[in-house]
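For reference, the structure discussed in these notes is given below.
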Amino acid sequence: MKTNITVKLISSDDIRESGCIDHNNIMSVVEQCLIDYKNNEFILPEKISQIFDDETQNRINCMPATLKKHNICGVKWVSVFPGNPMGFGCRNVSGVVILSELKKGYPFSIVDGTLITALRTACIGAVAAKYLANRNSKVYCAIGTGEQGRMHFKAIKSVYSQIDTCYVASHTNAEEQAFIEDLSADYPDVSFIECGGDYRKASKDADIIVTAVSCQEPLLKADSIKKGAFYCHVGGLEDEYEVPLMADKIVCDQWQAVKHRTQTISRLYKQGKLKDEDIYADIADIISGEKPGRENESEFIYFNSVGLAFIDVSVAYEFYKKAVEAGRFTEWTMLDN
C-alpha cells in the first residue's frame with residue numbers, strides 16, 4: 001500500500017506574511033515553554049554540535065526536542081559560521097526546522113529555521129530583560145549590527161518602550177550606519193549614536209547591553225559597564241572574563257547546557273574559574289517565581305543563552321499553525337512505499 005505524505009513547506013516570506021512576527025506573542029511562547037520544561041512537558045536530548053574549526057567555531061548543530069502535550073517531535077538543523085559576514089558577505093546562521101507527528105511518525109512540515117533562530121534568540125533576550133533589567137532603563141548599547149543585533153533591539157524595545165538612546169558599535173562605520181538607517185524610520189523616538197567601533201563608548205552609559213557579534217573577541221570590557229546594567233550575551237566569546245566574574249547575578253537559559261559549550265562563562269567553568277554555585281539561576285526559575293529576578297537598581301546582571309531546541313520547535317509549531325491558517329505554504333508530496 002502506498003500512502004501519500006504531504007509536507008507543508010513554510011518559507012521566511014510565509015512566516016512574515018502570516019503575521020508571525022509579533023514579539024509579544026513569541027515572548028509568551030518562550031515563557032510558556034520554559035515553564036513547561038520545568039514541568040517535564042518536553043523530551044530534550046543533548047544538542048549535537050559538530051565543530052569543524054576550533055578557531056572560527058564553524059559548526060552545524062542538530063537540536064531535537066519533543067513537545068509531549070502536542071504529540072510533536074521536531075529538530076532544528078542549523079549552521080553557525082561566524083566568519084561568513086566578513087569573509088563572504090552573507091549571514092552567519094542558516095537552518096530549517098522539521099516537524100513530525102507522533103501517531104505514525106510522519107513529517108508534516110519543514111519551516112524556515114533561519115528567521116526562527118533570529119526571532120527566538122532575540123525574544124529569549126527580551127524575556128530575560130523583562131525580569132532582569134532595571135524598570136527605568138532608557139539607554140541601550142548595541143555591540144554588533146547584523147540581523148541578530150537588529151532583532152534584539154526590536155524585541156527589547158517592545159518591552160522597554162521608554163528606551164530613547166541607542167549607542168551602536170561595530171567593526172566598521174558602514175555597518176553602524178546601516179543599522180541606524182534600518183531602524184531609525186521605525187523608531188523616531190530613539191536617538192541612535194554611532195560609536196566608530198569604540199565599544200567602551202557604546203557601553204559605559206548603557207542600562208541594557210547586548211553583544212550580538214559573529215567574531216570571537218572579548219569586545220566588552222568590565223571597566224566600561226555601569227552599576228545596575230543588564231547584559232545580554234548572545235554568541236560565543238564576546239566579553240572579557242572579568243565581565244561575568246564581577247556580575248552580581250549570572251542567569252542562563254539553561255546552565256547545564258551552557259557549561260559544556262564555548263561561550264565566555266563556559267570557558268571560565270572549564271578552567272575552574274567559575275563553579276556551578278556561581279550561577280544564580282536559570283531564567284525559568286525566575287519566570288516561575290522560584291527565585292527573584294532583579295532585587296535592586298545597583299545589581300549588574302549577566303544573562304547568557306545557549307539556545308534550547310524545545311523553544312525552536314515550539315516557535316516553529318506556532319508559526320506553522322499561523323501559516324496554515326493564512327494559507328501561506330507550499331505542499332510537497334512524499335510517497336510512503
### Query
How many residues are assigned to a loop (DSSP other than H, G, I, E, B) and touching a residue at least 24 places away in the same chain (Cβ under 8 Å) when one looks only at region 202-225?
11
### Query
Quick one: what pairs do we get from region 105-117, first residue closer than 16 Å to residue 5 by Cβ, second part of a helix (DSSP H, G or I), C-beta under 9 Å, 6+ apart or different chains?
108/320; 109/316; 109/317; 109/320; 109/323; 109/324
#### Entry: helices (runs of 4 or more DSSP H) (entirely within region 261-337) containing at least 3 residues that are modelled with pLDDT of 95 or more, of a type in the set (Ser, Thr, Tyr) and within 20 Å of the chain's Cα centre (by Cα)
309-326
### Message
Could you go through region 49-56 and let me know if any residue there is buried (at least 20 other Cβ atoms within 10 Å of the Cβ) and aromatic (Phe, Trp, Tyr).
### Response
no
### Query
Taking only pairs six or more apart or across chains, which ones have beta-carbon atoms under 7 Å, a first residue in region 232-248 that is not assigned by TED's automatic domain parsing to the domain that holds residue 169, and a second residue that is among the hydrophobic types (A, V, I, L, M, F, W, C) and surrounded by fewer than 21 Cβ atoms within 10 Å (Cβ to Cβ)?
none
### Query
Can you tell me which residue in region 87-120 is farthest from residue 307 (Cα to Cα), limited to those that are out of contact with any strand residue (DSSP E or B) (no Cβ under 9 Å at 6 or more places or on another chain) and crowded, with 18+ Cβ neighbours inside 10 Å?
115
### Message
Quick check on region 301-318. Is at least one of its residues surrounded by fewer than 22 Cβ atoms within 10 Å (Cβ to Cβ), more than 16 Å from residue 42 (Cβ to Cβ) and of a type outside the set (A, V, I, L, M)?
### Response
no
### Query
Would you pick out the residues in region 137-182 that are among the hydroxyl-bearing types (Ser, Thr, Tyr) and within 15 Å of the chain's Cα centre (by Cα)?
145
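Yes/no matrix, rows are residues, columns are (1) farther than 29 Å from residue 40 by Cβ; (2) modelled with pLDDT of 95 or more:
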site	(1), (2)
73	no, yes
78	no, no
83	yes, no
100	no, yes
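The values are calculated or read from the model by the stated rules, or taken from the named source; none is laboratory data. Being a predicted model, the structure only gives us computed values, none of them experimental. In this analysis, Cβ positions are derived from the backbone assuming ideal geometry, glycine residues included, and neighbour counts consider all displayed protein chains.
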